[in-house]
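One structure below.
The values are calculated or read from the model by the stated rules, or taken from the named source; none is laboratory data. Bear in mind that the values here come from a model prediction, so they are computed numbers and not experimental data. Cβ: placed from backbone, ideal geometry, glycine included. Neighbour counts: every protein chain shown. Remember, those area values only see protein heavy atoms, side chains included, never the ligands or the DNA or RNA. Shrake-Rupley method; radii C 1.70, N 1.55, O 1.52, S 1.80 Å.
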Amino acid sequence: MTSAPSTNNKHIYLDYNATTPLDPRVLDAMMPYLRENFGNAASRSHSFGWAAEEAVKIARQQVADLLGASDKEIIFTSGATESDNLAIKGAVEMLAKKGKHIITCVTEHKAVLDSCKYLETNGLADVTWLEVGKNGLVTPEQVAEAIRDDTVLITIMMANNEIGSIHPIKEIGAIAHEKGIWFHTDATQGIAKLPFDVNDLNVDMASMSAHKIYGPKGVGALYVRRRKPRVRLSPQMHGGGHERGMRSGTLNVPGIVGLGAACKIAKDDFDKDQAHYKALRDRLEQKIRGALDHVELNGDDEQRLVTTFNISFAYVEGESLIMGIPEIAVSSGSACTSASLEPSYVLRALGVGDDLAHSSIRFSVGRFTTEAEVDAAADTVIKTVRKLRDMSPLYEMAQEGIDLSSVNWDAH
Amino acid sequence: MAYSDKVLDHYENPRNVGSLDKAAKDVGTGVVGAPECGDVMKLQIKVSSDGVIEDAKFKTFGCGSAIASSSLATEWVKGKTVDEALGIKNTDIVEELSLPPVKIHCSVLAEDAIRAALTDYRSKQNPDEKADSE
(Lines give C-alpha, C1' and ligand atoms only; values in the text may rest on other atoms or scores of the structure.)
Protein backbone atom coordinates (compact mmCIF):
# COMPACT_ATOMS: atom_id res chain seq x y z
CA MET A 1 0.00 0.00 0.00
CA THR A 2 1.11 3.55 -0.66
CA SER A 3 2.19 5.16 2.54
CA ALA A 4 -0.34 7.46 4.08
CA PRO A 5 0.20 11.20 4.00
CA SER A 6 2.13 12.14 7.10
CA THR A 7 0.04 13.75 9.74
CA ASN A 8 0.45 14.73 13.36
CA ASN A 9 -3.13 13.79 13.99
CA LYS A 10 -3.64 10.66 16.07
CA HIS A 11 -7.30 10.53 15.20
CA ILE A 12 -8.79 7.81 13.04
CA TYR A 13 -10.22 9.23 9.84
CA LEU A 14 -13.32 7.39 8.65
CA ASP A 15 -14.97 10.21 6.73
CA TYR A 16 -13.57 9.65 3.24
CA ASN A 17 -16.93 10.47 1.63
CA ALA A 18 -16.55 13.99 3.01
CA THR A 19 -13.05 14.49 1.69
CA THR A 20 -9.84 12.53 1.23
CA PRO A 21 -6.25 13.37 2.06
CA LEU A 22 -4.00 14.22 -0.85
CA ASP A 23 -2.21 11.12 -2.10
CA PRO A 24 1.53 11.80 -1.74
CA ARG A 25 1.93 10.81 -5.41
CA VAL A 26 -0.55 13.50 -6.36
CA LEU A 27 1.32 16.11 -4.36
CA ASP A 28 4.58 15.09 -6.05
CA ALA A 29 2.97 15.61 -9.45
CA MET A 30 1.66 19.02 -8.42
CA MET A 31 4.78 20.48 -6.79
CA PRO A 32 6.58 21.68 -9.94
CA TYR A 33 3.43 23.59 -10.93
CA LEU A 34 3.30 25.31 -7.56
CA ARG A 35 6.97 26.29 -7.91
CA GLU A 36 8.95 26.78 -11.08
CA ASN A 37 6.26 25.95 -13.64
CA PHE A 38 3.92 28.75 -12.69
CA GLY A 39 2.93 29.75 -16.20
CA ASN A 40 -0.55 30.60 -17.43
CA ALA A 41 -1.81 27.81 -19.66
CA ALA A 42 -3.30 30.45 -21.96
CA SER A 43 0.07 32.19 -22.56
CA ARG A 44 0.97 31.08 -26.07
CA SER A 45 4.06 33.22 -26.53
CA HIS A 46 6.62 31.70 -24.14
CA SER A 47 7.87 28.49 -22.58
CA PHE A 48 6.24 29.18 -19.20
CA GLY A 49 2.84 29.07 -20.85
CA TRP A 50 3.76 26.09 -23.02
CA ALA A 51 4.82 24.03 -20.00
CA ALA A 52 1.54 24.80 -18.25
CA GLU A 53 -0.47 24.07 -21.39
CA GLU A 54 1.29 20.75 -21.83
CA ALA A 55 0.62 19.77 -18.20
CA VAL A 56 -3.06 20.63 -18.56
CA LYS A 57 -3.22 18.61 -21.77
CA ILE A 58 -1.82 15.53 -20.02
CA ALA A 59 -4.16 15.97 -17.08
CA ARG A 60 -7.16 16.35 -19.37
CA GLN A 61 -6.27 13.05 -21.01
CA GLN A 62 -5.84 11.37 -17.60
CA VAL A 63 -9.30 12.53 -16.54
CA ALA A 64 -10.79 11.43 -19.86
CA ASP A 65 -9.15 8.01 -19.54
CA LEU A 66 -10.75 7.39 -16.15
CA LEU A 67 -14.18 8.32 -17.53
CA GLY A 68 -13.91 6.53 -20.86
CA ALA A 69 -14.25 9.90 -22.57
CA SER A 70 -12.33 11.97 -25.09
CA ASP A 71 -10.06 14.72 -23.77
CA LYS A 72 -12.13 17.27 -25.72
CA GLU A 73 -15.10 16.41 -23.51
CA ILE A 74 -13.53 17.46 -20.20
CA ILE A 75 -14.24 20.92 -18.78
CA PHE A 76 -12.21 21.87 -15.73
CA THR A 77 -14.08 23.61 -12.92
CA SER A 78 -13.56 24.53 -9.29
CA GLY A 79 -15.24 21.34 -8.09
CA ALA A 80 -18.38 19.25 -8.30
CA THR A 81 -20.64 22.02 -7.02
CA GLU A 82 -19.63 24.22 -9.93
CA SER A 83 -19.89 21.29 -12.33
CA ASP A 84 -23.45 20.60 -11.16
CA ASN A 85 -24.40 24.26 -11.48
CA LEU A 86 -22.92 24.50 -14.97
CA ALA A 87 -24.50 21.28 -16.18
CA ILE A 88 -28.00 22.03 -14.90
CA LYS A 89 -28.30 25.78 -15.40
CA GLY A 90 -26.19 25.69 -18.55
CA ALA A 91 -28.31 22.96 -20.15
CA VAL A 92 -31.66 24.46 -19.19
CA GLU A 93 -30.62 27.87 -20.48
CA MET A 94 -29.30 26.36 -23.72
CA LEU A 95 -32.47 24.35 -24.29
CA ALA A 96 -34.93 27.04 -23.21
CA LYS A 97 -36.64 27.07 -26.60
CA LYS A 98 -37.10 23.30 -26.56
CA GLY A 99 -38.67 22.93 -23.13
CA LYS A 100 -38.15 23.57 -19.46
CA HIS A 101 -38.89 20.38 -17.59
CA ILE A 102 -36.23 18.74 -15.39
CA ILE A 103 -36.40 15.40 -13.62
CA THR A 104 -34.29 14.90 -10.51
CA CYS A 105 -34.61 13.15 -7.16
CA VAL A 106 -34.98 14.32 -3.58
CA THR A 107 -31.76 12.81 -2.23
CA GLU A 108 -29.42 14.61 -4.64
CA HIS A 109 -26.56 16.66 -3.28
CA LYS A 110 -27.52 20.23 -2.41
CA ALA A 111 -25.57 21.51 -5.41
CA VAL A 112 -28.10 19.75 -7.66
CA LEU A 113 -31.17 20.36 -5.51
CA ASP A 114 -30.47 24.05 -5.10
CA SER A 115 -29.58 24.57 -8.77
CA CYS A 116 -32.93 23.02 -9.71
CA LYS A 117 -34.74 25.04 -7.03
CA TYR A 118 -33.15 28.22 -8.33
CA LEU A 119 -34.45 27.50 -11.84
CA GLU A 120 -37.88 26.56 -10.51
CA THR A 121 -38.19 29.62 -8.27
CA ASN A 122 -37.25 31.92 -11.12
CA GLY A 123 -39.72 30.34 -13.52
CA LEU A 124 -36.94 28.98 -15.71
CA ALA A 125 -37.79 25.31 -15.18
CA ASP A 126 -40.50 22.96 -13.98
CA VAL A 127 -38.97 20.30 -11.78
CA THR A 128 -40.19 16.81 -10.99
CA TRP A 129 -38.68 15.66 -7.71
CA LEU A 130 -38.68 11.87 -7.66
CA GLU A 131 -39.07 10.19 -4.30
CA VAL A 132 -36.75 7.34 -3.39
CA GLY A 133 -37.56 3.93 -1.97
CA LYS A 134 -36.58 2.73 1.48
CA ASN A 135 -33.23 1.68 -0.01
CA GLY A 136 -32.58 5.22 -1.25
CA LEU A 137 -32.97 4.40 -4.92
CA VAL A 138 -35.11 5.67 -7.79
CA THR A 139 -36.17 3.17 -10.41
CA PRO A 140 -35.88 3.60 -14.18
CA GLU A 141 -39.67 3.20 -14.34
CA GLN A 142 -40.16 6.22 -12.08
CA VAL A 143 -37.99 8.25 -14.41
CA ALA A 144 -39.79 7.00 -17.54
CA GLU A 145 -43.17 7.86 -16.03
CA ALA A 146 -42.07 11.39 -15.16
CA ILE A 147 -40.97 12.25 -18.69
CA ARG A 148 -43.04 14.93 -20.43
CA ASP A 149 -42.96 16.31 -23.98
CA ASP A 150 -41.01 19.30 -22.72
CA THR A 151 -38.48 17.37 -20.60
CA VAL A 152 -34.99 18.59 -21.47
CA LEU A 153 -32.84 17.27 -18.66
CA ILE A 154 -32.68 14.32 -16.30
CA THR A 155 -30.20 14.63 -13.45
CA ILE A 156 -29.74 11.69 -11.09
CA MET A 157 -26.64 11.15 -8.99
CA MET A 158 -24.52 8.07 -9.45
CA ALA A 159 -24.20 7.24 -5.77
CA ASN A 160 -25.42 9.00 -2.68
CA ASN A 161 -22.86 10.62 -0.41
CA GLU A 162 -24.63 9.87 2.86
CA ILE A 163 -25.82 6.30 2.41
CA GLY A 164 -23.82 5.15 -0.61
CA SER A 165 -26.85 3.84 -2.52
CA ILE A 166 -26.04 3.38 -6.21
CA HIS A 167 -28.73 4.52 -8.66
CA PRO A 168 -29.38 2.55 -11.87
CA ILE A 169 -27.92 5.31 -14.03
CA LYS A 170 -27.14 3.09 -17.03
CA GLU A 171 -30.83 2.24 -17.37
CA ILE A 172 -31.90 5.83 -16.68
CA GLY A 173 -29.41 7.04 -19.29
CA ALA A 174 -30.81 4.59 -21.84
CA ILE A 175 -34.31 5.94 -21.27
CA ALA A 176 -33.06 9.51 -21.63
CA HIS A 177 -31.27 8.70 -24.88
CA GLU A 178 -34.28 6.93 -26.32
CA LYS A 179 -36.32 10.09 -25.72
CA GLY A 180 -33.60 12.50 -26.83
CA ILE A 181 -33.26 14.01 -23.35
CA TRP A 182 -29.88 15.04 -21.94
CA PHE A 183 -28.75 13.02 -18.95
CA HIS A 184 -26.51 14.48 -16.26
CA THR A 185 -25.16 12.54 -13.31
CA ASP A 186 -23.42 13.91 -10.25
CA ALA A 187 -20.76 11.21 -10.17
CA THR A 188 -18.74 12.79 -7.36
CA GLN A 189 -19.11 9.79 -5.04
CA GLY A 190 -19.19 7.14 -7.76
CA ILE A 191 -16.07 7.91 -9.73
CA ALA A 192 -13.03 5.90 -8.60
CA LYS A 193 -15.27 3.77 -6.39
CA LEU A 194 -17.31 2.19 -9.19
CA PRO A 195 -16.48 1.21 -12.76
CA PHE A 196 -17.21 4.27 -14.84
CA ASP A 197 -17.52 4.68 -18.59
CA VAL A 198 -19.59 7.46 -20.10
CA ASN A 199 -20.58 5.38 -23.11
CA ASP A 200 -21.42 2.26 -21.18
CA LEU A 201 -23.46 4.27 -18.68
CA ASN A 202 -25.25 6.45 -21.29
CA VAL A 203 -24.15 9.62 -19.56
CA ASP A 204 -24.13 13.01 -21.33
CA MET A 205 -22.72 15.05 -18.49
CA ALA A 206 -20.93 13.92 -15.34
CA SER A 207 -19.71 16.02 -12.42
CA MET A 208 -16.67 15.10 -10.39
CA SER A 209 -14.40 16.55 -7.75
CA ALA A 210 -10.68 15.99 -7.16
CA HIS A 211 -10.78 16.07 -3.37
CA LYS A 212 -13.01 13.01 -3.15
CA ILE A 213 -10.43 10.92 -5.01
CA TYR A 214 -7.20 11.89 -3.20
CA GLY A 215 -6.66 15.05 -5.23
CA PRO A 216 -6.61 18.67 -4.06
CA LYS A 217 -9.61 20.75 -3.03
CA GLY A 218 -10.88 23.50 -5.30
CA VAL A 219 -10.73 21.64 -8.60
CA GLY A 220 -13.09 19.33 -10.43
CA ALA A 221 -14.40 18.56 -13.87
CA LEU A 222 -17.54 18.26 -15.89
CA TYR A 223 -17.73 15.70 -18.65
CA VAL A 224 -19.71 17.15 -21.57
CA ARG A 225 -20.57 14.76 -24.43
CA ARG A 226 -19.58 15.90 -27.92
CA ARG A 227 -21.37 13.36 -30.09
CA LYS A 228 -24.77 11.69 -29.97
CA PRO A 229 -25.91 13.97 -28.59
CA ARG A 230 -23.70 17.03 -28.94
CA VAL A 231 -24.18 18.79 -25.64
CA ARG A 232 -23.62 22.51 -25.51
CA LEU A 233 -23.96 24.52 -22.35
CA SER A 234 -24.63 28.15 -21.73
CA PRO A 235 -21.65 29.38 -19.68
CA GLN A 236 -22.26 30.38 -16.09
CA MET A 237 -18.86 32.03 -15.76
CA HIS A 238 -18.16 34.61 -18.46
CA GLY A 239 -14.76 35.88 -19.49
CA GLY A 240 -11.83 34.82 -21.63
CA GLY A 241 -13.56 31.90 -23.30
CA HIS A 242 -11.52 29.14 -21.69
CA GLU A 243 -12.70 25.53 -21.76
CA ARG A 244 -14.42 25.73 -25.13
CA GLY A 245 -16.21 28.86 -23.98
CA MET A 246 -18.14 26.94 -21.33
CA ARG A 247 -16.07 27.99 -18.35
CA SER A 248 -13.93 31.09 -18.40
CA GLY A 249 -11.17 31.75 -15.93
CA THR A 250 -7.42 31.15 -15.86
CA LEU A 251 -6.85 27.45 -15.45
CA ASN A 252 -5.88 26.22 -11.99
CA VAL A 253 -2.82 24.44 -13.36
CA PRO A 254 -1.49 22.80 -10.16
CA GLY A 255 -5.01 21.75 -9.20
CA ILE A 256 -5.69 20.34 -12.64
CA VAL A 257 -2.38 18.46 -12.62
CA GLY A 258 -3.39 17.06 -9.23
CA LEU A 259 -6.81 16.03 -10.53
CA GLY A 260 -5.17 14.32 -13.49
CA ALA A 261 -2.68 12.48 -11.30
CA ALA A 262 -5.47 11.42 -8.94
CA CYS A 263 -7.47 10.06 -11.89
CA LYS A 264 -4.48 8.14 -13.24
CA ILE A 265 -3.84 6.55 -9.83
CA ALA A 266 -7.54 5.76 -9.44
CA LYS A 267 -7.51 3.98 -12.79
CA ASP A 268 -4.22 2.13 -12.25
CA ASP A 269 -5.06 1.09 -8.68
CA PHE A 270 -8.78 0.51 -9.19
CA ASP A 271 -8.84 -3.21 -8.40
CA LYS A 272 -6.45 -2.89 -5.50
CA ASP A 273 -8.41 0.03 -4.02
CA GLN A 274 -11.72 -1.81 -4.43
CA ALA A 275 -10.46 -4.89 -2.61
CA HIS A 276 -9.01 -2.72 0.16
CA TYR A 277 -12.18 -0.64 0.61
CA LYS A 278 -14.45 -3.65 0.64
CA ALA A 279 -12.34 -5.68 3.06
CA LEU A 280 -12.15 -2.83 5.56
CA ARG A 281 -15.74 -1.66 5.22
CA ASP A 282 -17.00 -5.21 5.66
CA ARG A 283 -14.71 -5.80 8.62
CA LEU A 284 -15.99 -2.65 10.34
CA GLU A 285 -19.57 -3.47 9.51
CA GLN A 286 -19.37 -7.07 10.71
CA LYS A 287 -17.71 -6.11 13.97
CA ILE A 288 -20.30 -3.48 14.79
CA ARG A 289 -23.37 -5.38 13.63
CA GLY A 290 -22.10 -8.54 15.30
CA ALA A 291 -21.69 -6.87 18.68
CA LEU A 292 -24.79 -4.69 18.94
CA ASP A 293 -28.50 -5.35 18.64
CA HIS A 294 -31.04 -2.79 17.40
CA VAL A 295 -28.88 -1.40 14.60
CA GLU A 296 -30.35 -0.45 11.21
CA LEU A 297 -28.40 -0.12 8.00
CA ASN A 298 -29.44 2.99 6.09
CA GLY A 299 -29.49 2.57 2.33
CA ASP A 300 -29.28 -0.49 0.16
CA ASP A 301 -27.33 -3.49 1.43
CA GLU A 302 -26.22 -4.58 -2.05
CA GLN A 303 -26.38 -1.53 -4.33
CA ARG A 304 -23.99 0.39 -2.12
CA LEU A 305 -20.57 1.98 -2.41
CA VAL A 306 -17.87 -0.32 -1.07
CA THR A 307 -16.51 2.53 1.04
CA THR A 308 -19.70 3.40 2.86
CA PHE A 309 -21.54 2.15 5.91
CA ASN A 310 -24.37 4.28 7.31
CA ILE A 311 -26.03 2.89 10.36
CA SER A 312 -28.50 3.96 13.01
CA PHE A 313 -27.95 2.88 16.57
CA ALA A 314 -31.45 2.84 17.98
CA TYR A 315 -31.98 4.51 21.36
CA VAL A 316 -28.69 6.43 21.15
CA GLU A 317 -28.53 10.04 20.00
CA GLY A 318 -25.96 10.74 17.31
CA GLU A 319 -24.24 13.78 18.75
CA SER A 320 -23.73 12.11 22.12
CA LEU A 321 -22.26 9.13 20.30
CA ILE A 322 -19.88 11.33 18.34
CA MET A 323 -18.93 13.04 21.59
CA GLY A 324 -18.01 9.65 23.02
CA ILE A 325 -15.72 8.78 20.14
CA PRO A 326 -13.72 12.00 19.81
CA GLU A 327 -10.73 10.23 18.30
CA ILE A 328 -12.80 8.89 15.39
CA ALA A 329 -13.72 11.20 12.53
CA VAL A 330 -17.15 10.25 11.18
CA SER A 331 -20.30 12.16 10.29
CA SER A 332 -23.81 11.93 11.68
CA GLY A 333 -27.30 12.49 10.34
CA SER A 334 -28.18 14.00 13.66
CA ALA A 335 -29.60 17.49 13.70
CA CYS A 336 -27.28 18.49 16.47
CA THR A 337 -24.24 18.11 14.26
CA SER A 338 -25.59 20.32 11.50
CA ALA A 339 -26.25 24.03 11.36
CA SER A 340 -29.86 23.52 10.29
CA LEU A 341 -31.05 21.64 13.42
CA GLU A 342 -32.93 19.31 11.07
CA PRO A 343 -31.97 15.67 10.77
CA SER A 344 -30.58 14.52 7.42
CA TYR A 345 -32.95 15.13 4.50
CA VAL A 346 -31.56 12.04 2.81
CA LEU A 347 -32.47 9.75 5.70
CA ARG A 348 -35.87 11.40 5.98
CA ALA A 349 -36.46 10.71 2.29
CA LEU A 350 -35.83 7.01 2.91
CA GLY A 351 -38.59 7.06 5.50
CA VAL A 352 -36.12 6.67 8.36
CA GLY A 353 -37.88 8.10 11.39
CA ASP A 354 -36.45 11.26 12.91
CA ASP A 355 -35.47 9.25 16.00
CA LEU A 356 -33.29 6.88 13.95
CA ALA A 357 -31.99 9.72 11.79
CA HIS A 358 -30.76 11.36 14.99
CA SER A 359 -28.95 8.12 15.83
CA SER A 360 -27.18 7.64 12.49
CA ILE A 361 -23.47 7.55 11.83
CA ARG A 362 -21.79 7.39 8.44
CA PHE A 363 -18.49 5.57 8.29
CA SER A 364 -16.53 5.80 5.06
CA VAL A 365 -13.19 4.09 4.59
CA GLY A 366 -10.48 4.96 2.10
CA ARG A 367 -7.12 4.24 0.61
CA PHE A 368 -5.17 4.99 3.77
CA THR A 369 -7.47 3.28 6.27
CA THR A 370 -5.80 0.38 8.07
CA GLU A 371 -7.14 -2.76 9.66
CA ALA A 372 -5.87 -1.59 13.05
CA GLU A 373 -7.80 1.66 12.66
CA VAL A 374 -10.99 -0.17 11.78
CA ASP A 375 -10.61 -2.49 14.76
CA ALA A 376 -9.93 0.35 17.16
CA ALA A 377 -12.85 2.34 15.79
CA ALA A 378 -15.24 -0.60 16.04
CA ASP A 379 -14.23 -1.28 19.65
CA THR A 380 -14.66 2.35 20.67
CA VAL A 381 -18.03 2.67 18.94
CA ILE A 382 -19.35 -0.54 20.49
CA LYS A 383 -18.19 0.49 23.96
CA THR A 384 -19.72 3.96 23.63
CA VAL A 385 -23.05 2.72 22.27
CA ARG A 386 -23.31 0.30 25.19
CA LYS A 387 -22.52 3.03 27.69
CA LEU A 388 -25.07 5.41 26.18
CA ARG A 389 -27.72 2.70 26.03
CA ASP A 390 -27.18 2.04 29.71
CA MET A 391 -28.22 5.63 30.29
CA SER A 392 -30.93 5.74 27.62
CA PRO A 393 -34.52 5.77 28.87
CA LEU A 394 -35.60 4.60 25.41
CA TYR A 395 -33.41 1.51 25.50
CA GLU A 396 -34.75 0.73 28.97
CA MET A 397 -38.33 1.05 27.74
CA ALA A 398 -37.59 -1.11 24.72
CA GLN A 399 -36.07 -3.77 26.99
CA GLU A 400 -39.26 -3.64 29.08
CA GLY A 401 -41.20 -4.37 25.92
CA ILE A 402 -42.78 -0.94 25.57
CA ASP A 403 -43.59 0.03 21.98
CA LEU A 404 -42.03 3.48 21.73
CA SER A 405 -44.30 4.50 18.89
CA SER A 406 -47.33 3.99 21.17
CA VAL A 407 -46.00 6.40 23.80
CA ASN A 408 -47.66 9.80 23.92
CA TRP A 409 -44.47 11.91 23.85
CA ASP A 410 -44.40 15.44 25.00
CA ALA A 411 -42.95 16.91 21.80
CA HIS A 412 -41.42 20.34 22.10
CA MET B 1 -18.69 22.05 18.61
CA ALA B 2 -16.64 22.84 21.66
CA TYR B 3 -18.08 21.67 24.95
CA SER B 4 -17.37 23.27 28.29
CA ASP B 5 -15.26 21.28 30.72
CA LYS B 6 -18.27 20.80 32.97
CA VAL B 7 -20.38 19.35 30.15
CA LEU B 8 -17.54 17.00 29.27
CA ASP B 9 -17.16 15.97 32.89
CA HIS B 10 -20.85 15.15 33.28
CA TYR B 11 -20.86 13.33 29.95
CA GLU B 12 -17.82 11.23 30.83
CA ASN B 13 -18.77 10.69 34.46
CA PRO B 14 -22.52 11.06 34.62
CA ARG B 15 -23.88 11.29 38.19
CA ASN B 16 -26.80 9.18 39.33
CA VAL B 17 -27.51 7.19 36.19
CA GLY B 18 -30.13 4.56 36.82
CA SER B 19 -33.70 3.91 37.71
CA LEU B 20 -35.83 3.85 40.83
CA ASP B 21 -39.00 1.80 41.29
CA LYS B 22 -41.54 3.95 39.51
CA ALA B 23 -44.42 2.13 41.27
CA ALA B 24 -43.15 3.06 44.74
CA LYS B 25 -45.23 5.67 46.52
CA ASP B 26 -42.20 7.69 47.62
CA VAL B 27 -40.78 7.90 44.07
CA GLY B 28 -41.72 10.57 41.55
CA THR B 29 -40.97 9.99 37.87
CA GLY B 30 -40.82 12.56 35.11
CA VAL B 31 -40.31 11.68 31.44
CA VAL B 32 -40.07 14.63 29.09
CA GLY B 33 -39.08 15.22 25.46
CA ALA B 34 -39.63 13.05 22.42
CA PRO B 35 -37.39 10.70 20.43
CA GLU B 36 -38.07 12.49 17.14
CA CYS B 37 -36.84 15.75 18.70
CA GLY B 38 -33.60 14.04 19.62
CA ASP B 39 -33.94 14.15 23.38
CA VAL B 40 -35.87 12.31 26.07
CA MET B 41 -35.10 12.68 29.76
CA LYS B 42 -36.32 10.48 32.56
CA LEU B 43 -35.69 11.92 36.02
CA GLN B 44 -36.74 10.20 39.23
CA ILE B 45 -36.71 11.35 42.83
CA LYS B 46 -37.12 9.42 46.05
CA VAL B 47 -38.51 11.49 48.90
CA SER B 48 -38.02 10.67 52.56
CA SER B 49 -40.83 10.80 55.11
CA ASP B 50 -39.75 14.28 56.17
CA GLY B 51 -40.08 15.64 52.62
CA VAL B 52 -36.41 15.70 51.61
CA ILE B 53 -35.27 14.29 48.28
CA GLU B 54 -32.88 11.59 49.41
CA ASP B 55 -32.11 10.05 46.05
CA ALA B 56 -32.38 10.98 42.39
CA LYS B 57 -31.67 9.04 39.23
CA PHE B 58 -31.78 9.86 35.53
CA LYS B 59 -31.58 8.32 32.12
CA THR B 60 -31.28 10.54 29.07
CA PHE B 61 -31.39 10.01 25.33
CA GLY B 62 -29.91 13.15 23.86
CA CYS B 63 -26.82 15.13 23.07
CA GLY B 64 -23.97 15.68 25.53
CA SER B 65 -25.53 18.88 26.83
CA ALA B 66 -28.81 17.08 27.52
CA ILE B 67 -26.98 14.35 29.41
CA ALA B 68 -25.01 16.92 31.38
CA SER B 69 -28.12 18.99 32.17
CA SER B 70 -29.98 16.01 33.57
CA SER B 71 -26.93 14.70 35.43
CA LEU B 72 -26.53 18.11 37.05
CA ALA B 73 -30.25 18.27 37.84
CA THR B 74 -30.05 15.03 39.84
CA GLU B 75 -27.08 16.38 41.78
CA TRP B 76 -28.91 19.59 42.60
CA VAL B 77 -32.24 18.12 43.70
CA LYS B 78 -30.64 15.71 46.14
CA GLY B 79 -30.91 16.97 49.71
CA LYS B 80 -33.48 19.61 48.78
CA THR B 81 -37.10 19.59 49.88
CA VAL B 82 -39.74 19.26 47.21
CA ASP B 83 -40.48 22.97 47.41
CA GLU B 84 -36.83 23.92 47.22
CA ALA B 85 -36.34 21.69 44.17
CA LEU B 86 -39.12 23.57 42.40
CA GLY B 87 -36.94 26.64 42.65
CA ILE B 88 -34.28 25.25 40.30
CA LYS B 89 -34.35 27.27 37.08
CA ASN B 90 -33.06 26.31 33.66
CA THR B 91 -31.00 29.50 33.62
CA ASP B 92 -29.05 28.19 36.63
CA ILE B 93 -28.19 25.08 34.61
CA VAL B 94 -27.20 27.18 31.58
CA GLU B 95 -24.88 29.21 33.76
CA GLU B 96 -23.34 26.26 35.60
CA LEU B 97 -22.62 24.32 32.40
CA SER B 98 -21.85 27.36 30.18
CA LEU B 99 -24.35 26.11 27.60
CA PRO B 100 -24.35 27.96 24.27
CA PRO B 101 -27.68 29.43 23.03
CA VAL B 102 -28.34 26.48 20.72
CA LYS B 103 -28.29 24.15 23.74
CA ILE B 104 -30.57 26.14 26.05
CA HIS B 105 -33.45 23.79 25.25
CA CYS B 106 -31.50 21.03 27.03
CA SER B 107 -31.64 23.02 30.27
CA VAL B 108 -35.34 23.75 29.75
CA LEU B 109 -35.94 20.05 29.35
CA ALA B 110 -34.04 19.32 32.57
CA GLU B 111 -36.16 21.85 34.47
CA ASP B 112 -39.29 20.27 32.95
CA ALA B 113 -38.06 16.84 34.03
CA ILE B 114 -37.58 18.00 37.64
CA ARG B 115 -41.07 19.52 37.66
CA ALA B 116 -42.65 16.45 36.10
CA ALA B 117 -41.01 14.20 38.70
CA LEU B 118 -42.13 16.47 41.55
CA THR B 119 -45.68 16.62 40.17
CA ASP B 120 -45.78 12.84 39.88
CA TYR B 121 -44.58 12.49 43.44
CA ARG B 122 -47.17 14.95 44.76
CA SER B 123 -50.03 13.33 42.90
CA LYS B 124 -49.04 10.02 44.50
CA GLN B 125 -49.21 11.61 47.95
CA ASN B 126 -52.57 13.25 47.33
CA PRO B 127 -54.34 11.13 44.73
CA ASP B 128 -57.60 13.06 45.21
CA GLU B 129 -56.03 16.38 44.30
CA LYS B 130 -54.44 15.12 41.12
CA ALA B 131 -56.29 17.61 38.98
CA ASP B 132 -54.86 20.67 40.73
CA SER B 133 -51.52 19.33 41.82
CA GLU B 134 -49.76 22.46 40.63
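Results, tabulated for the structure shown:
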| item | result |
| --- | --- |
| Shielding by partners, peptide A:41-50 (average Cβ within 10 angstrom, other chains) | 0 |
| Net charge of Cβ neighbours under 13 Å - reference A:Ser47; Lys, Arg +1; Asp, Glu -1 | -2 |
| Candidates per trypsin sites (Lys or Arg not before Pro) in the stretch A:229-313, loop by DSSP, up to 10 other Cβ within 10 Å | A:Arg230 |
| A:Trp50-B:Ala2 pseudo-label distance in nm [points 7 Å out on the Cα-to-Cβ vector] | 5.4 |
| With DNA, RNA and ligands ignored, accessible area of A:Ser331 (1.4 Å probe; Å², nearest 10) | 30 |
| Simple spin-label estimate for A:Ala18 and B:Glu54 in nanometres, 7 Å along Cα-Cβ | 4.9 |
| Dipole magnitude of the protein assembly as shown about its Cα centre (Cβ charges: Lys, Arg +1; Asp, Glu -1), debye to nearest 20 | 2280 |
| Across A:Lys117/A:Lys179; A:Lys193/A:Lys278; A:Lys100/A:Lys170, pairs whose alpha-carbon gap is larger than 18 Å | A:Lys117/A:Lys179; A:Lys100/A:Lys170 |
| FRET efficiency, A:Leu297 to B:Lys89 (Cβ-Cβ, R0 45 Å, nearest 0.05) | 0.55 |
| Shape call, the stretch A:1-129: gyration tensor on alpha carbons, a/c limit 1.5 | oblate |
| Whole-number percent relative contact order across the stretch A:24-268, with pairs defined as alpha carbons under 8 Å at least 6 apart | 28 |
| Nearest 10 degrees, 0 to 90: helix A:270-291 Cα axis against chain A principal axis | 20 |
| Expected 222 nm ellipticity per residue - DSSP helices of 4 or more, -39500 (n - 2.57), all of chain A, to 500 | -12000 deg cm²/dmol |
| For B:Glu111, net neighbour charge (Lys/Arg +1, Asp/Glu -1) across residues whose Cβ lies under 11 Å away | 0 |
| In the stretch B:37-134, trypsin sites (Lys or Arg not before Pro) in a DSSP loop with at most 14 other beta-carbon atoms within 10 Å | B:Lys89 |
| Cα gyration tensor shape of chain A, rounded if a/c is under 1.5, else prolate or oblate by comparing a/b with b/c | oblate |
| Within 10 Å of each Cβ in B:99-105, the average number of Cβ atoms from other chains | 1 |
| Förster radius 45 Å - calculated FRET efficiency between B:Ile104 and A:Ala275 (Cβ-Cβ, nearest 0.05) | 0.35 |
| Average partner coverage of A:402-409, which counts Cβ from other chains inside 10 Å | 2 |
| Whether the stretch B:2-45 is rounded, prolate or oblate, judged on the alpha carbon gyration tensor where a/c under 1.5 counts as rounded | oblate |
| Cα point-scatterer Debye curve for the stretch A:24-268, base-10 log of I(q)/I(0) at q = 0.08, 0.10, 0.14, 0.15 Å⁻¹ | -0.29, -0.45, -0.85, -0.97 |
| Linear extension gain, A:Asp390 paired with A:Arg35, 0.36 nm per residue minus alpha-carbon span | 122.2 nm |
| Angle in degrees between helix A:47-67 and the longest Cα principal axis of chain A, rounded to the nearest 10 | 50 |
| DSSP bridge orientation in the protein assembly as shown - percent antiparallel, rounded to nearest 5 | 65 |
